[in-house]
Amino acid sequence: MSSSSPLGIFERYLSLWVALCIGAGVALGNLAPGLFAFVSGLEVASVNLVVAVLIWVMIYPMMIQIDFGSLRDVGRRPKGLIVTLVINWLIKPFTMAALASLFFLHVFAGLMPEAEAREYLAGAILLGVAPCTAMVFVWSQLTRGDANYTLVQVAVNDLIMVVAFAPITALLLGVTDITVPWTTLLLSVVLYVVIPLVAGAWTRRALTGRSRDPATLGRFVAALKPVSVLGLLGTVVLLFGFQATTIVERPLTIALIAVPLLIQGYGIFGLAYLWAWAWRLPHSVAAPAALIGTSNFFELAVAVAIGLFGLQSGAALATVVGVLVEVPVMLSLCALANRTAHRFPAAA
């Protein structure tokens, strides 16, 4: 594809566009706080509907690429699923709790009151126990992941989350009664998985049924890619616009909370990615497996933080910081994964 095409421009300078959108979000959020407050209020069960639409736009092109006839082949390659599940449920929640305890209760002890530090710790733990559902499809698409395998990874992960989220959260927070916001969990799965999956399957069937040219599907997906990237950039503007006032008024607090989250993100990715490399997984499976563990289901984490500790709590703020650092971190990891793809075996 020509470098002068819109897709080439978007992909080549994606980090620059994201940086500009972060700046635009913060500036617009402070200049027009009423507008962002209105958009922020358009939510159901802690799921912002405008952000949901933008994420749907990002996910849809990948869903078109899913071949349901090939899904059964995933079961013959279980190693990618093992990496995903072990990292997400046996390692990530506990390393996040350990890192957050180290920084908030010890390293930063003189920089914040202990009660405040413990709330930040709780928010970080909630992020660590909530692996991503929606944005994984975006990161997988940016790293040319196997669409079929990514769908199975996310689906199995979501099934485990239904039974494992509450007990692990209760264990790490030291509380006995965790109320899982089922509406948030189920609505997110429907919005981010079920609806785009059905739409993608219908589109795929319509395209392949009307044309015998196998390239038709590829051309249609390629035409949607710039729209998908615009959805990502719009999401960045909104997320940073929603929290623009907090970013300006409490930059040191935001920076301190971000430290263990950043270390956790890069550390978990490195662990999963190296494991996948040692197991000789193809890059199209290895990259999404590592990225799922790094990314977070922030709607669920924010909802639980607000329910347990309150809207203005340090726990809620910590989950919001998780949202703010996620996109830049994940884009940097996607770039790293793409640069190192040649070190992995090709897909069979």
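The values are calculated or read from the model by the stated rules, or taken from the named source; none is laboratory data. Small disclaimer: the values here were computed from a predicted structure and weren't measured. Here Cβ is always computed from backbone atoms with ideal geometry, including for glycine, and neighbour counts include all displayed protein chains. Surface accessibility is based on the protein's heavy atoms, side chains included, excluding ligands, DNA and RNA. Shrake-Rupley method; radii C 1.70, N 1.55, O 1.52, S 1.80 Å.
Peptides 252-259, 103-110 ranked from most to least packed give 252-259, 103-110, packing being the mean of other C-beta atoms within 10 angstrom over each peptide's residues. Solvent-accessible surface of the chain, averaged per residue with a 1.4 angstrom probe and all protein chains in place: 43 square angstrom.
Short-range pairs are left out: with C-alpha atoms under 8 Å and at least six residues apart, the relative contact order of the chain is 34 percent. Given a 1.4 Å probe and every protein chain left where it sits, what share in percent of the accessible area of the chain is carbon and sulfur? Answer for the chain: carbon and sulfur cover 68 percent of the accessible area. Using the Cβ-Cβ distance between Val163 and Glu43 with R0 set to 25 Å, the FRET efficiency works out to roughly 0.45. The share of C-alpha pairs in the chain whose separation exceeds 26 Å stands at 48 percent.
Take each peptide in 37-43, 80-86, count the other Cβ atoms within 10 Å of every residue, and average; sorted highest first, the result is 80-86, 37-43.
Placing +1 on the Cβ of every Lys and Arg and -1 on the Cβ of every Asp and Glu, with no other charges, gives the chain a dipole of roughly 1340 debye about its Cα centre. The stretch between Val156 and Val259 holds 34.1 nm of extra length on full extension. This uses 0.36 nm per residue minus the Cα-Cα distance. Counting only whole DSSP H helices of the chain, the ones at least 24 Å long by C-alpha along their axis and with mean Kyte-Doolittle hydropathy no lower than 1.6 are 14-31, 147-173, 215-242, 314-339.
Here the Gaussian network model covers the chain, with springs between Cα atoms less than 10 Å apart; of Arg219, Arg280, Arg77, Arg219 fluctuates the most. Take every Cα pair under 8 Å whose residues are at least 6 apart in sequence, average their separation, divide by the length of the stretch 277-348, and the relative contact order is 51 percent.
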